[in-house]
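Written below as structure tokens is the structure these notes are about.
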Amino acid sequence: MSRNDVLVGMRFTELFNLLTYLELAIMQFSWLFMLVLLSISSGFLFGFAAYKHGLAVKRWGCVGCILGPLTYPLFSTHKRLADMKVWRYGRYSIEG
């Protein structure tokens, strides 16, 4: 083996190590990107659902951005409690 073959081999392993580190960095960035995208979309969707059901839009949009999809059980429980409150105090009217 000549000295050039050894240098080429070393360069190849260094390049391979660099590509491995770059792949790891890209994978970490893609997870972060997906997490941010999921958080923003959850905030938007919970805000829209809050508007649709007559709840506080800013509150549920912010909670959706912070907690993401974990907001769903909280939202559904709060929505049910709000519906029960309206039904219990007699301000519930159905027009058909």
Problem set entry | Pairs, first farther than 13 Å from Leu37 by Cα in the range 59-77, second assigned to a helix (DSSP H, G or I) and among the hydroxyl-bearing types (Ser, Thr, Tyr), C-beta under 6 Å, six or more apart | Val63/Thr71
Exercise. Here are some residues: Arg59, Arg91, Arg80. Which one is at pLDDT below 90 and charged (D, E, K, R)?
Worked result: Arg91
For this session: Just need a number here: residues in the range 65-84 that are surrounded by fewer than 12 Cβ atoms within 10 Å (Cβ to Cβ) and at positive phi.
Result: 0
Exercise. Which one of these does Cys65 not meet: (1) in a helix (DSSP H, G or I); (2) over 17 Å from the mean Cα position of the chain (by Cα)?
Worked result: (2)
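The values are calculated or read from the model by the stated rules, or taken from the named source; none is laboratory data. Note that this is a predicted model, so its numbers are computed, not measured. Here Cβ is always computed from backbone atoms with ideal geometry, including for glycine, and neighbour counts include all displayed protein chains.
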